[in-house]
Every structure is written in C-alpha cells, then in structure tokens.
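A.B. asks: What follows is a structure written as structure tokens; I'll ask about it next.
The values are calculated or read from the model by the stated rules, or taken from the named source; none is laboratory data. As the structure is a computational prediction, the values presented were derived from the model and not from experiment. All Cβ positions, even for glycine, are placed from backbone atoms using ideal geometry, and neighbour counts span all protein chains on display.
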Amino acid sequence: MTEQTEMTDKTGRTPAYAVAYLREVDVGDAIIEYLTRIDATLAPYGGRFLVHGGHITPVEGTWDGDVVVIAFPSSGAARAWYDSADYRAILPLRLDHARSVAAIVEGVPEGYQAADKLAVLRGA
C-alpha cells in the first residue's frame, strides 16, 4: 500500500497524474503522428491534459525541457491507459524521438492539506 492510497476522496479514489519531462524532442513525422493519436487513447480512461509543454518559469534549478501532466480519475485508470494496446501502439513514436522520463503519480483528495501527510508519516 502506498502512502497516498490511505487518503481517498468520497468515491474511494484519489486522482492520479501521468507526468513526463521531455528533452531533445525531434518534432518530425513520428511526433506529429503521436500528437494526433494520443487524445483518442486517453478518452476511454478519463484522461485529460492539464499541462502540455507550456511556458516554464524556472525558480529553482535548470529546466531544459517540456513538462506534460495528464490527469486521470485514479491510478488504476492511469496505469490501464499506459498499458493499453492503443497507447502502446504509439508509445515508440515518442520514445524513439525524445529523451524523456515519465511516471504515474497519485494525487490527493479534495480538501487535502500538507499537515494531513503527518498521519501517514507517523503511521497513524
């Protein structure tokens, strides 16, 4: 059990996010195809873009790439999307034409406050 699974909303789920940091993107035919096809892969899993390479204003460290954040209703939905045949069919288009790292991150429920993390950290 992860720390966040103990913090759920009224539906019993926490939101989750697919987060990617992309550098050295070769914007050619493969990336164009990836971008034209990705939205259709998200829809069945309730995924939607929150951030898609918007302007970054660095306040700490060096940022030399683009950030992508896609919201999902749960970590299960995010993982099902990433593992889906439709997404797996287009994934090489990005992997072969960009340096990137990606992860699925569990979110927090509505009304969450930073101090709520103390109960999890203390094992309560």
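A.B. asks: Testing L42 on (1) crowded, with 17+ Cβ neighbours inside 10 Å; (2) under 12 Å from Y17 (Cβ atoms), one condition comes back false. Which one is that?
C.D. replies: With (1) crowded, with 17+ Cβ neighbours inside 10 Å; (2) under 12 Å from Y17 (Cβ atoms) applied to L42, the lone miss is (2).
Residue-wise test of (1) closer than 24 Å to H97 by Cβ; (2) modelled with pLDDT of 95 or more; (3) among the aliphatic types (A, V, I, L, M); (4) within 10 Å of the chain's Cα centre (by Cα).
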| position | (1), (2), (3), (4) |
| --- | --- |
| R37 | yes, yes, no, no |
| L42 | yes, yes, yes, no |
| G46 | no, yes, no, no |
| E60 | no, yes, no, no |
| P73 | no, yes, no, no |
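A.B. asks: Of all residues in region 72-124, which are basic (K, R), under 23 Å from A30 (Cα atoms) and surrounded by 15 or more Cβ atoms within 10 Å (Cβ to Cβ)?
C.D. replies: R94
A.B. asks: Another one. Give the residues of region 59-71 that are surrounded by fewer than 13 Cβ atoms within 10 Å (Cβ to Cβ) and without any contact (Cβ under 8 Å) to a residue 12 or more places away in the chain, sorted by residue number.
C.D. replies: Once the filter is applied, which keeps residues that are surrounded by fewer than 13 Cβ atoms within 10 Å (Cβ to Cβ) and without any contact (Cβ under 8 Å) to a residue 12 or more places away in the chain, region 59-71 yields V59, E60, G61, T62.
A.B. asks: Kindly indicate whether any position in region 83-90 is modelled with pLDDT of 95 or more and out of contact with any helix residue (DSSP H, G or I) (no Cβ under 9 Å at 6 or more places or on another chain).
C.D. replies: Among the residues of region 83-90, at least one is modelled with pLDDT of 95 or more and out of contact with any helix residue (DSSP H, G or I) (no Cβ under 9 Å at 6 or more places or on another chain), which makes the answer yes.
A.B. asks: Take Y17 and tell me if it is crowded, with 18+ Cβ neighbours inside 10 Å, farther than 22 Å from D116 by Cβ and at pLDDT 95 or above.
C.D. replies: For Y17, the condition - crowded, with 18+ Cβ neighbours inside 10 Å, farther than 22 Å from D116 by Cβ and at pLDDT 95 or above - is not met.
A.B. asks: For a quick check of your reading of the model, give me the residue pairs whose first member lies in region 5-23 and is at negative phi, whose second is of a type in the set (D, E, K, R) and modelled with pLDDT of 55 or more, with beta-carbon atoms closer than 6 Å and at least 6 apart or on different chains.
C.D. replies: Hits for this filter: D9/E110; T14/E106; A16/E106; L22/D66; R23/D64; R23/R99.
A.B. asks: Determine, yes or no, whether I56 is out of contact with any helix residue (DSSP H, G or I) (no Cβ under 6 Å at 6 or more places or on another chain), without any contact (Cβ under 8 Å) to a residue 24 or more places away in the chain and of a type in the set (V, I, T).
C.D. replies: Spelling it out, I56 is indeed out of contact with any helix residue (DSSP H, G or I) (no Cβ under 6 Å at 6 or more places or on another chain), without any contact (Cβ under 8 Å) to a residue 24 or more places away in the chain and of a type in the set (V, I, T).
A.B. asks: Related question: Of everything in region 20-31 that's surrounded by fewer than 17 Cβ atoms within 10 Å (Cβ to Cβ) and either under 22 Å from G47 (Cα atoms) or of a type in the set (A, V, I, L, M, F, W, C) (or both), which residue is modelled with the highest pLDDT? Give the steps one after another, and end with the answer.
C.D. replies: As a first pass, look at region 20-31 and keep what is surrounded by fewer than 17 Cβ atoms within 10 Å (Cβ to Cβ): 21, 23-29.
If we keep only those that are either under 22 Å from G47 (Cα atoms) or of a type in the set (A, V, I, L, M, F, W, C) (or both) as well, we get 21, 25, 27.
Details: Y21: 97, V25: 94, V27: 94.
Selected residue: Y21.
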